[in-house]
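Asks: Below: one structure in structure tokens.
The values are calculated or read from the model by the stated rules, or taken from the named source; none is laboratory data. In this text the structure is predicted, and so the values were computed from the model without any measurement. Using ideal geometry, Cβ is built from the backbone for each residue, glycine included, and neighbour counts are taken over all protein chains shown.
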């Protein structure tokens, strides 16, 4: 089994400066991969026999408002040979963060590598406005097509009405103030 540090060393050897940082503080270490090289790194993580990250557990979008950036965190797992038929335990795990510009956010789609990415990328597109280049069907999945804005961004302004329907808030206020 490879440690987080060993996996990151292989990535640094293969991709050099595309591995922008490795963060070990906190409860979940992660590697930061440059947005321009994410597609290549993802393919390597999925296909290289030393890596074999065959499971995408989740993609979480993050609003880094203070830095004027958006990011996605990819939670990857490698199933052990025996677990595929037994208890589905992971041989190793890796979190990867990809940071993109907030005003024109683009990240390469990985839906062709991990099928689970299809839905997760559509959700991040709908809720945060991140465009996943190469996604086979990137359209809104939770909000109507004509919805304005991205509801999970920290600077999102809750609409006071939608098609003449007055808005309510979590406190059931019918006229919230912005």
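Asks: Is there a residue being under 16 Å from residue 78 (Cβ atoms), modelled with pLDDT under 95 and out of contact with any strand residue (DSSP E or B) (no Cβ under 8 Å at 6 or more places or on another chain) anywhere in the stretch 6-29?
Replies: Scanning the stretch 6-29 turns up at least one residue that is under 16 Å from residue 78 (Cβ atoms), modelled with pLDDT under 95 and out of contact with any strand residue (DSSP E or B) (no Cβ under 8 Å at 6 or more places or on another chain).
Asks: Are any residues in the stretch 104-143 without any contact (Cβ under 8 Å) to a residue 24 or more places away in the chain, exposed (fewer than 15 other Cβ atoms within 10 Å of the Cβ) and touching a helix residue (DSSP H, G or I) at 6+ places or on another chain (Cβ under 8 Å), and if so, which ones?
Replies: Of everything in the stretch 104-143, those that are without any contact (Cβ under 8 Å) to a residue 24 or more places away in the chain, exposed (fewer than 15 other Cβ atoms within 10 Å of the Cβ) and touching a helix residue (DSSP H, G or I) at 6+ places or on another chain (Cβ under 8 Å) turn out to be 137, 139, 140, 142, 143.
Asks: Scanning for something within 20 Å of residue 115 (Cα to Cα), at pLDDT below 90 and touching a helix residue (DSSP H, G or I) at 6+ places or on another chain (Cβ under 9 Å), does the stretch 83-92 turn up at least one residue?
Replies: Scanning the stretch 83-92, I find at least one residue that is within 20 Å of residue 115 (Cα to Cα), at pLDDT below 90 and touching a helix residue (DSSP H, G or I) at 6+ places or on another chain (Cβ under 9 Å), so the answer is yes.
Asks: Same structure, new question: Name the strands (runs of 3 or more DSSP E) wholly inside the stretch 1-77 in which the number of residues that are surrounded by fewer than 17 Cβ atoms within 10 Å (Cβ to Cβ) is 3 or more.
Replies: Because the criterion is at least 3 residues that are surrounded by fewer than 17 Cβ atoms within 10 Å (Cβ to Cβ), the strands (runs of 3 or more DSSP E) in the stretch 1-77 that meet it are 19-23, 55-64.
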